[in-house]
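Structure, as structure tokens:
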Amino acid sequence: MQPNLGQSLRGVSFEFLAEKFGTPLYIYDADTIKAQIQSLRSAFREIHIKYAAKALTNISILRFMKNQGIGVDVVSIEEAQIARRAGFLPADIMFTPNCVSFNEIIEGVDMGLQINLDNLPILEKFGAHYGNRYPCGIRLNPDILAGGNIKISTGHSHSKFGISIHSVEAIKGIVEKYDIRIQGLHIHTGSELTDLDVFMKMADILFGLAHDFKYLRFLDFGGGLKVPYKPGDSQTSVQELGKRLTETFGAFNQQTGKQLELWMEPGKFLVSDAGYLLVRTNVVKETPKVTFVGVDSGLNQLIRPMMYDAYHMITNVSNPAGSKKIYTVVGNVCETDTFGADREMNEVREGDLLVIQNAGAYGYSMASNYNSRLRPAEVMIVDGEARLIRHRDTMDQLLAGQVDIFS
Ligand code: LLP
């Protein structure tokens, strides 16, 4: 989030971007992604970063991540296939699916991915099928409630994710029965974790279990690092987290004589702030109660405000000298799709360009064709140059696959 967003990004003006690529438009800043990776690396002495691809899956973004020397975390075979096409080697792809069929696990093994299992029945099937011939990891549910919103909290006892830490005996029983090579233990407690003690509790759990698995290579602390969405907003102190985790991890390895690796798989932290959704004002609509700014996008293209009550800063970049007024910014979808309510912005006129910030993570990747709208193009700013990384959807694409049986 940039509190004082200007009229351009890395020297490329929003007006130019809108003219050249049209609106609505997703824009990603490569330098911000690079800086986020760097800040993680400098906070932790040694960290293996696996980018959570679900946050933003564009192939150019994935290849960019690969070129920065990090790995990737995927949740479906399709994401794994995109990652392969983006140049990731199978060994650098962690596959952490949830409630999938065993066939999908077999596909993952056939592709040579690192497999992370998250329920007991599938662990049993894995053991019966592969014995100790193929290694895997285990995703644990730590029984901790944490995260920015209940919809994005995954580590509590009523969540569908992971194998409960209260089922450790059952896990050990299956692992011993088949001599499964458990090479990683993994916990992802939720998205937007700001309380560092949550990570320390995860460390305690993982360290406590590490003795029980003789093939262990790494402990994975998941993603969930929070970035600020507005001035004064909470965030995960990555510097402090890096310091604390590195210290306890180092002490653990030293005391036990183990050489375990510390893994993390952030999504939002790497791409949220790098992304912008550029929209154009269709109408300024005064009602007796509210002044609406209706823009050419909607919840079909950025669902976070409606789905998680997420706050995204919105700036009128066309009228920097305009007087301040209060607006509610809405989309063009045929149901309530408020991007931001009661926002103070420089006077908005028809045709003005607005920029919605922190749109990099779970923006395009959660976009749909609801209302039969075409999804936006995506552009990446690299070395001061705007490069198209996805064309806007076309009408042909929208109809592709549909069968008009009564024509
Ligand atoms: N690892 C696992 C196993 C995950 O399930 C997730 C996210 C991540 C890593 C990355 O979490 P992050 O660092 O991005 O917080 N659509 C929601 C967020 C859903 C997160 C799902 N899992 C949103 O827009 O807030």
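A compact table of results
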quantity	calculated
Residue match in the stretch 242-249 (condition: outside the structural domain of Asp393 (by TED's automatic domain parsing), within 16 Å of the ligand (Cβ to nearest atom), closer than 30 Å to Gly69 by Cβ and open to solvent by less than 10 Å² (accessible area, probe 1.4 Å))	yes
Residue in the stretch 175-184 that is under 18 Å from the mean Cα position of the chain (by Cα), within 14 Å of the ligand (Cβ to nearest atom) and touching a residue at least 60 places away in the same chain (Cβ under 8 Å) present	no
Hits in the stretch 42-71 - residues which are more than 20 Å from Gly222 (Cβ to Cβ) and touching an Asp or Glu at 6+ places or on another chain (Cβ under 7 Å)	Asn58
Cβ-Cβ under 6 Å pairs, at least 6 apart or on other chains, the stretch 150-163 side open to solvent by less than 20 Å² (accessible area, probe 1.4 Å), far side within 9 Å of the ligand (Cβ to nearest atom) and among the aromatic types (Phe, Trp, Tyr)	Thr154/Phe161
Members of the stretch 360-396 that are touching a Leu at 6+ places or on another chain (Cβ under 8 Å) and free of Cβ contacts under 8 Å to residues at least 24 places away in the same chain	Thr394, Met395
Scan of the stretch 364-385 for residues that are in contact with a helix residue (DSSP H, G or I) (Cβ under 7 Å, 6 or more places away or on another chain) and either open to solvent by less than 10 Å² (accessible area, probe 1.4 Å) or hydrophobic (A, V, I, L, M, F, W, C) (or both), ordered by number	Leu374, Ala377, Glu378, Val379, Met380, Ile381, Val382
Condition met for Gly232 (more than 16 Å from the ligand (Cβ to nearest atom) and of a type in the set (Gly, Ala, Ser))	yes
In the stretch 253-272, the residues that are more than 12 Å from the ligand (Cβ to nearest atom) and either closer than 17 Å to Gly148 by Cβ or in contact (Cβ under 8 Å) with a residue 40 or more places away in the chain (or both)	Thr256, Lys258, Leu260, Glu261, Leu262
Count - residues of the stretch 75-101 that are open to solvent by 60 Å² or more (accessible area, probe 1.4 Å) and either under 20 Å from Asn141 (Cβ atoms) or within 13 Å of the ligand (Cβ to nearest atom) (or both)	1
Members of the stretch 115-133 found to be under 28 Å from the mean Cα position of the chain (by Cα) and open to solvent by 20 Å² or more (accessible area, probe 1.4 Å), listed by number	Asn119, Leu120, Pro121
Complete set of residues in the stretch 128-183 that are within 22 Å of Leu196 (Cα to Cα), outside any loop (DSSP other than H, G, I, E, B) and touching a Leu at 6+ places or on another chain (Cβ under 9 Å)	Arg139, Leu140, Ser153, Ser164, Ile165
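Residues are listed down the side, and each one gets a yes or a no for (1) within 25 Å of Glu79 (Cα to Cα); (2) away from the ligand (no atom under 16 Å from the Cβ); (3) at pLDDT 95 or above; (4) assigned by TED's automatic domain parsing to the domain that holds Leu216:
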position: Pro121; (1), (2), (3), (4): yes, yes, yes, yes
position: His129; (1), (2), (3), (4): yes, yes, yes, yes
position: Tyr134; (1), (2), (3), (4): yes, yes, yes, yes
position: Ile138; (1), (2), (3), (4): yes, no, yes, yes
position: Ile152; (1), (2), (3), (4): yes, no, no, yes
position: Ser159; (1), (2), (3), (4): yes, no, no, yes
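The values are calculated or read from the model by the stated rules, or taken from the named source; none is laboratory data. Note that this is a predicted model, so its numbers are computed, not measured. Backbone-built Cβ (ideal geometry, glycine too); neighbour counts: all protein chains shown. Each accessible area value is taken on the protein alone, full model and side chains, heavy atoms only, with ligands, DNA and RNA left out. Shrake-Rupley method; radii C 1.70, N 1.55, O 1.52, S 1.80 Å.
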